[in-house]
1. Every residue in segment 45-66 that is outside any loop (DSSP other than H, G, I, E, B) and either of a type in the set (Lys, Arg) or more than 29 Å from VAL129 (Cβ to Cβ) (or both), please.
2. So if I check each of LEU121, LEU160, LEU141, LEU125, which one is touching a Leu at 6+ places or on another chain (Cβ under 7 Å) and of a type in the set (A, V, I, L, M, F, W, C)?
3. Pairs, please: C-beta under 8 Å, at least 6 apart or cross-chain, first residue under 17 Å from LEU40 (Cβ atoms) and in segment 138-160, second small (Gly, Ala, Ser) and assigned to a loop (DSSP other than H, G, I, E, B)?
4. Any chance segment 106-117 includes a residue that's of a type in the set (Phe, Trp, Tyr), loosely packed, with under 13 Cβ neighbours inside 10 Å, within 16 Å of the chain's Cα centre (by Cα) and closer than 28 Å to ARG166 by Cβ?
Amino acid sequence: MKQVARWARAEWGPLYTTVRGALAKRRLRAVPMAVAAVCLTALLQFVQNQSWGYRFVQDIGGVRAADPLWPALLRTPLSLFVPALDLPVWGALVQILVVFGIAEVCLGWWRTLTVAYVATLAGTLYARVGIALGPHSPLGLPASDAWVVDTGPSAAVVGLAVVVGRQYGAYVTTGAVAAAMVVEVALKDNLAGKEHLAAITGVVALYAALAAGRRLRRRWRQRRPGSRAGSGRSGLPPIQS
């Protein structure tokens, strides 16, 4: 038990301390963006379940691979707050409150939204590539998936879990999330599962690009006359909570 407790402290200790401190000090005022996102998702759920509201919500936040690319890209940011009609809305609300809230404390609200958008965008673009590849390719999708309404926060949640876990040294948790998505695709080879893998790929690419950018900036500063060697770890920009 002591070894398990020691491992848990090493895995989740820094993350727990950061989140607990912020919530103890400011409560929900520490996560205004996450609270606003929950309210927006609940509002969109209410509207799309009205006879007059479904078409409106689809026009502003519904995404399908069959749609023209540019309108789909314009709808993508809002699409992650439109709950999927075939899933219970409380699941989406809990995911947003918990995962977006933790990410907002750890990364800041604008970084959280950036990662969420990149993850969602990666899934949206993958759907088009997968359909073009066809069902006979390991990365492909059947043509019928082009008409699936592709909304909800799940891709963003997966992407945020990976980034926060990586940023705070929770490597086992990060690996477990990625492994769970692989198992999901193996057990149920569908659009949602493969989009989750695309979301992980997208945020990993974002993380790697930011890390490479920071390394290049450090090297450039070190080569300037009179400069001193910088310090700091690579990854996302310094955390501001």
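1. Our first condition is that a residue be outside any loop (DSSP other than H, G, I, E, B); within segment 45-66, this holds for 45-48, 54-61.
Passing the criteria: GLN45, PHE46, VAL47, ARG55, PHE56.
2. LEU141
3. Short answer, once both residue conditions are applied: THR151/GLY62; THR151/ALA84; GLY152/ALA84.
4. Within segment 106-117, the subset of a type in the set (Phe, Trp, Tyr) is 109-110, 117.
Then drop every residue that is not loosely packed, with under 13 Cβ neighbours inside 10 Å, which leaves 110.
Narrowing the set further to residues that are within 16 Å of the chain's Cα centre (by Cα) leaves 110.
After this cut, where a residue has to be closer than 28 Å to ARG166 by Cβ as well, the list is 110.
For segment 106-117, residues of a type in the set (Phe, Trp, Tyr), loosely packed, with under 13 Cβ neighbours inside 10 Å, within 16 Å of the chain's Cα centre (by Cα) and closer than 28 Å to ARG166 by Cβ: present.
Values quoted throughout were computed directly from the atomic coordinates according to the rules given, and no laboratory measurement underlies them. For clarity, every value in this text was computed on a predicted model and none was experimentally measured. Note: ideal-geometry Cβ built from the backbone for every residue, glycine included; neighbour counts use all protein chains shown.
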